[in-house]
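Please treat every number below as a calculation from the coordinates, not as lab data. The model shown is predicted, which means the values in this text are computed figures rather than measured ones. Counting neighbours? That spans all protein chains shown, and the Cβs are built from the backbone with ideal geometry, glycine included.
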There are 2 protein chains.
Amino acid sequence: MAAPRLGKVQLQIMQVLWQSGGATARHITDELSKTSPIAHSTVQTLLRKLEAKGAVTHEIVERTFVFRPLYQESEVTETVTRDLLTRIFGGSVYGMVAHLLKSESVSPDELRRLRTLIDKEGKK
Amino acid sequence: MAAPRLGKVQLQIMQVLWQSGGATARHITDELSKTSPIAHSTVQTLLRKLEAKGAVTHEIVERTFVFRPLYQESEVTETVTRDLLTRIFGGSVYGMVAHLLKSESVSPDELRRLRTLIDKEGKK
DNA sequence: GGGGTCGATCTACCGCAGTAGACGAAAGTA
DNA sequence: TACTTTCGTCTACTGCGGTAGATCGACCCC
């Protein structure tokens, strides 16, 4: 099992791929440029680096590379979340949730859904 | 207010400082070496880098540097947690907590305490 | 006083993310 | 056919975290 360390932009690229299932470098550049401009060659470089570490693969469709994610979203979410949980909160889920409730504004509706979630979890 | 990005070892150094209030480089080296060996000069280099970005300061006590943290623990916790929340969970506290409950094993006792916490939060 | 110890500094290197220009090939277009 | 666009590759550089050896100065002990 890989413990994939992804940079900030690399993660954004993966997110575009997860969302679309597969995309050309051009599509990714366009998507990322919506929020902040980035050179096409930068995206291509990062895609090659991602491929080098096994995060993505590509196939050629009409002379153009179509990239597909190899890392699963759940896998990456897992890794980075557990990493934070361990390093910052000493592994305490309670500590982490407590911090979230204290420092982030959570709507009453979200709180309700959280309570439901926890109840369901307790019944398992 | 700084939103400082700290590396892995840099964070460990800060944690030693938060725990002790203030410490010499030697003390930090010893503490960190308990888990994995690290050269004293590495710690010193990182301390200088941390000082350069305003994360720590030092005073001289009997010809030895005693370092003190300038970044507050809460501040760093805040920054990195919100960073993850935003980048991975699109800002959804619910999404993040749901992931934690699903992928981390949470004891019944912890679940109870979490429910209590949420109830308290709902009453505010 | 001379050698060992300890602290701080200097310097240098590696790895990786991010950045992007330059270049060449191919394909469409006027 | 010649121009333009698009794509992928090559190359290179910056910044930063992490790594640590080499060195210098001060202090302590015999």
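Observations on the model:
- The stretch B:1-91: relative contact order as a whole-number percent, Cα under 8 Å and 6+ apart: 31 percent
- Length gained when the stretch A:Ser105-A:Arg82 is fully extended (0.36 nm per residue, less Cα-Cα span): 6.0 nm
- Förster-model FRET efficiency, 41 Å R0, A:Arg112 and A:Lys34, C-beta, rounded to 0.05: 0.80
- Think of it as helices only: each DSSP H run of n ≥ 4 in chain A is worth -39500 (n - 2.57), and spread over all residues that comes to -20500 deg cm²/dmol at 222 nm.
- Dipole of the stretch B:63-109 computed with +1 at Lys/Arg Cβ and -1 at Asp/Glu Cβ about the Cα centre; of B:Leu84, B:Gly95, B:Ser105, farthest Cα towards the positive end is B:Leu84.
- Other residues whose C-beta falls under 13 angstrom from the C-beta of A:Gly54 contribute a net charge of +3, scoring Lys and Arg +1 and Asp and Glu -1.
- Across identical copies of the chain, A:Thr42 has label-point separations of 3.1 nm, listed in ascending order, with the point defined 7 angstrom from Cα along Cα→Cβ.
- In this calculation the C-beta distance from A:Glu62 to A:Arg5 is compared with R0 = 41 Å, giving a FRET efficiency of 0.75.
- With label points defined 7 Å past Cα in the direction of Cβ, position A:Val66 shows copy-to-copy spacings of 6.6 nm, given to one decimal and shortest first.
- Local electrostatic count at B:Val43 - Lys and Arg +1, Asp and Glu -1, tallied over other residues with Cβ under 14 Å: +2
- Number of partner chain Cβ atoms within 10 Å, mean per residue of A:70-80: 2
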